[in-house]
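The block underneath contains the structure these notes are about, expressed in structure tokens.
The values are calculated or read from the model by the stated rules, or taken from the named source; none is laboratory data. Small disclaimer: the values here were computed from a predicted structure and weren't measured. In this analysis, Cβ positions are derived from the backbone assuming ideal geometry, glycine residues included, and neighbour counts consider all displayed protein chains.
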Amino acid sequence: MNLEELRSLDFKDMGNWPVLPKLGALAGLLVVILAGGYLFDWQGQAETLEAESLKEQELRQTFLDRKTQAVNLDVHRKQLQDIEQSFGAMLKQLPNKAEMEALLTDINQAGLGRGLQFDLFRPAPQETLSEFYAELPITIRVSGSYHDIGSFASDVSQLSRIVTLNDIALSTEKDGSIALDATAKTYRYLDDAELSAQRRKDGGKTSEGRS
């Protein structure tokens, strides 16, 4: 059919159209129906389907994560038990309040046993409290031979209780001996009353921070 014949078609008498125009009209009507269905119905369903699909993926991932946690629950419990045992072993290396004086004596004896001269041995007037332990810095100054000072540092590190030497400085005295200035830090664990007081203090700070 040519253009002139298409123009002459009567839309009121479509039943008598030739086959090709009928097929074209049916195809156009089908496109209009499909477009209208998508805009007014299918589009919303497609968006809902996509949202539900994303939700399904999230739920599936949550399920897999929890399944993994459940499978590894015994492993996590064993790890927690090991951590608690290690923490308990470390805690046993800290003296209690009654043993602190003996520990200070041990540090002093470690120096004297190496023939060192204590020019200063001054514990801090107040301990620094943490969640589970207290820290006591001790300002020390000892003098002697380089070898004896090295042996003293080694002896301190091998004490049965934890003692660390910090802020170490070496200098030469007029008589040729070596002077060691340092801060020795000793630690002790808190007793039950101190732990309770420290927890109340930390809890109060947390409440103030939230307010």
Practice problem: Being buried (at least 16 other Cβ atoms within 10 Å of the Cβ) and of a type in the set (Val, Ile, Thr) is the filter here, so list the residues in the range 171-182 that pass it. | Solution: Ile178
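Just to be sure I understand, how many residues within the range 136-176 are among the polar types (S, T, N, Q), in contact with a Phe, Trp or Tyr (Cβ under 9 Å, 6 or more places away or on another chain) and at pLDDT 90 or above? Break it down into steps so the answer makes sense when it comes.
Here is the first cut: in the range 136-176, the residues among the polar types (S, T, N, Q) are 139, 143, 145, 151, 154, 157-158, 160, 164, 166, 171-172.
From what's left, in contact with a Phe, Trp or Tyr (Cβ under 9 Å, 6 or more places away or on another chain): 139, 143, 164.
Cutting the leftovers down to at pLDDT 90 or above gives us 139, 143.
Residues in the range 136-176 being among the polar types (S, T, N, Q), in contact with a Phe, Trp or Tyr (Cβ under 9 Å, 6 or more places away or on another chain) and at pLDDT 90 or above: 2 in total.
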Practice problem: Might you let me know whether the range 37-60 holds any residue that is closer than 30 Å to Glu194 by Cβ, surrounded by 10 or more Cβ atoms within 10 Å (Cβ to Cβ), of a type outside the set (Phe, Trp, Tyr) and modelled with pLDDT under 70? | Solution: no
Exercise. Starting from the range 101-116, take each residue that is farther than 16 Å from Ile178 by Cβ and list its partners that are of a type in the set (Phe, Trp, Tyr) and surrounded by 11 or more Cβ atoms within 10 Å (Cβ to Cβ), counting only C-beta distances under 7 angstrom and pairs at least six apart or across chains.
Key: Asn108/Phe118; Asn108/Phe121; Ala110/Phe152
Quiz prompt | Residues of the range 117-144 satisfying the condition of being surrounded by fewer than 15 Cβ atoms within 10 Å (Cβ to Cβ), touching a helix residue (DSSP H, G or I) at 6+ places or on another chain (Cβ under 9 Å) and not in a strand (DSSP E or B) | solution = Ser130, Glu131
Self-check item: Set Ile168, Ile149: member being assigned to a strand (DSSP E or B), hydrophobic (A, V, I, L, M, F, W, C), over 19 Å from Glu101 (Cβ atoms) and in the same structural domain as Glu101 (by TED's automatic domain parsing)
Solution: Ile168
